[in-house]
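This report refers to the structure that appears directly beneath it.
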Amino acid sequence: MGMVGGGLDAFIGAVHRKAAALDGEIELVCGAFSSDPEKSRATGRALYLPEQRVYESYEQMFRSEKLLPEGERMDFVSIVTPNHVHFAPAKAALENGFHVMLDKPLSFSFKEAKLLKALVDKTGLMFGLTHTYTGYPMIKEARHLVRTGALGKVRKIYVEYPQGWLSTPLEMTGQKQSAWRTDPARSGKSGCMGDIGTHCENLVEFVTGLKINELCADLNTVVEGRQLDDDGSVLLRFEGGATGILMATQVAAGEMNALRLRVYGEKGGLDWHQEFPNQLKIKWLDKPMEILQTGSPFLTSTAAAKNTRYPAGHPEGYGEAFANLYRNFALNLRARFNGIAPDPDLADVPTVEEGLRGMAFIETLIKSTASKNKWTKMIE
């Protein structure tokens, strides 16, 4: 693996590197870690990389790595830059023949997302997107229960993601993460919804298999002087007739990462909470509630089992979920290199398709909020 972004002072780069390294399937061999060449070199030294494999730019990295013999050059690149620097390195990587793993969202705009989708289709290269929460074993169990009809036809979906870290104008203090996430020039058209609302959208469609057809959105900016939304609520209509409510906010004082998903069908419902990720509650219409546990022999999903590392009762969390995406991407890539079919239980890493849906969701939210009409169809 090579890496674009993720210098020593970056938050998410270290998370990606730890996730990629956890299972021993991926080795970091090169990187262009910063637009500042000295910062890139300093990061390379800290990561014990050979000096000649630490590059001053991603363009230089792609050119140089492409000239190395197969087996020595990087097999794929992980891109962990802010939103406005997603499109160009991803496009360049694909054009130079490298597979891509990209931090979400897919791009800065829907237009860029469509161009990337077309390029992935043209090249046939693998493209993964780190929608982290899809990597949790109990989310895979939830997906299996819904899609095999255990809950009956889905009727109602609730998904919420309250955070509180932007309850004050933190970006005014120079704090790096808040500064770029609230800046439309670097984050894009949406703040809160683009950052965590898209996780809600992705999680719902991943678990249920139902696509959002229409929505009615109300995006708000609560903190005075902030340039982008920090709060929002959305009514949802899905294919097949199910309806739902999506809420995301970054001004819920005291909350951390309280992502929660509830799905209700004709026979029962499920309830999963990200801050307690090893449990999945199943609430039946005609029998007592069940609490399923990561690693339990009573799980019905082989995918959940294959994405569980430790015996039941030994908690797994965000790091392991993140690592599942990288491990599964690597195993699918290895299967491709060896000319064999990948394990279907490990082939559910979000792709450019899910990325395009996320960007369409953002564009539709903006359109709906500005519209006088109650409902707005998802753009295509």
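Nothing in this text is a laboratory measurement; each read-out follows from the coordinates by a stated rule. Here the structure is a predicted model, which means the values were calculated and not measured. Backbone-built Cβ (ideal geometry, glycine too); neighbour counts: all protein chains shown.
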Most mobile of G194, G124, G319 in a GNM of the chain (Cα contacts under 10 Å): G124
On Cα atoms only, tilt of 352-370 relative to the major axis of the chain in degrees: 60
Excluding exposed DSSP-loop chymotrypsin sites (Phe, Trp or Tyr not before Pro) (at most 11 other C-beta within 10 Å), longest clean stretch of the chain: 49-297
Pairs of lysines in segment 1-118 (C-alpha under 20 Å apart; 8 or more residues apart or interchain): 9
For q = 0.12, 0.20, 0.22, 0.23 Å⁻¹, Debye-computed log10 I/I(0) when each Cα of segment 305-366 counts as one equal scatterer: -0.44, -0.87, -0.93, -0.96
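Find the Cα radius of gyration of segment 2-129, compare it with 2.2 N^0.38 Å by division, and give the number to two decimals. Walk me through the numbers before you get to the answer.
Working: Rg = 13.7 Å, N = 128, 2.2 N^0.38 = 13.9 Å.
Against the empirical 2.2 N^0.38 Å value, I get 0.98 for segment 2-129.
Report, for the chain, the % of DSSP beta bridges that are antiparallel, rounded to 5.
Antiparallel: roughly 65 percent of the beta bridges in the chain.
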Whole-Hz couplings from phi, Karplus 6.51/-1.76/1.60, listed for segment 293-302; x for Gly and Pro: 10, 3, x, 5, x, 8, 5, 9, 9, 5
Longest exposed-site-free window of the chain, the sites being trypsin sites (Lys or Arg not before Pro) in a DSSP loop that have at most 16 other C-beta atoms within 10 Å: 1-152
Whichever aspartates and glutamates have a C-alpha closer than 20 Å to that of K122, once near sequence neighbours (fewer than 8 apart) are set aside: D75, E95, E112, E353, E354, E380
Residue of N213, N324, N307 that the Gaussian network model of the chain assigns the largest fluctuation, springs spanning Cα pairs under 10 Å: N213
Electrostatic dipole magnitude of the chain [Cβ: Lys, Arg +1; Asp, Glu -1; Cα centre; debye, to 20]: 740
Qualifying lysines (Cα of each under 20 Å from Cα of K374; at least 8 residues distant if same chain): K156, K211
Debye equation applied to the C-alpha atoms of segment 60-110, log10 I(q)/I(0) at 0.16, 0.28 Å⁻¹: -0.45, -1.07
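How compact is the chain by the rule of thumb for globular proteins, expressed as Cα Rg over 2.2 N^0.38 Å?
Working: Rg = 20.6 Å, N = 380, 2.2 N^0.38 = 21.0 Å.
Computed over Cα atoms of the chain, the ratio equals 0.98.
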Cα long-axis angle, helix 12-21 against the chain (0 to 90 degrees, to the nearest 10): 90
Residue (of F206, M378, G225) at the positive-pole extreme of the chain, dipole from beta-carbon charges: M378
Choice from L49, L259, L228 with maximal GNM fluctuation in the chain (Cα, 10 Å cutoff): L49
0 to 90° range, to nearest 10: angle between helix 198-208 axis and the chain longest Cα axis: 60
Note, ³J(HN,Hα) from phi for segment 71-84, Karplus 6.51, -1.76, 1.60, rounded to Hz, x at Gly and Pro: x, 10, 6, 5, 8, 8, 10, 9, 10, 10, 8, x, 3, 6
Shape category assigned to segment 95-162 from the gyration tensor of Cα positions, a/c cut at 1.5: prolate
Difference of contour (0.36 nm per residue) and Cα-Cα distance, D343 to K18: 114.6 nm
Added length on full extension, which subtracts the Cα-Cα distance from 0.36 nm per residue, K377 to L68: 106.5 nm
Amide H contacts of L102 (H built 1.01 Å from N, under 5 Å, at least 5 apart or other chain): I79, G128, L129, T130
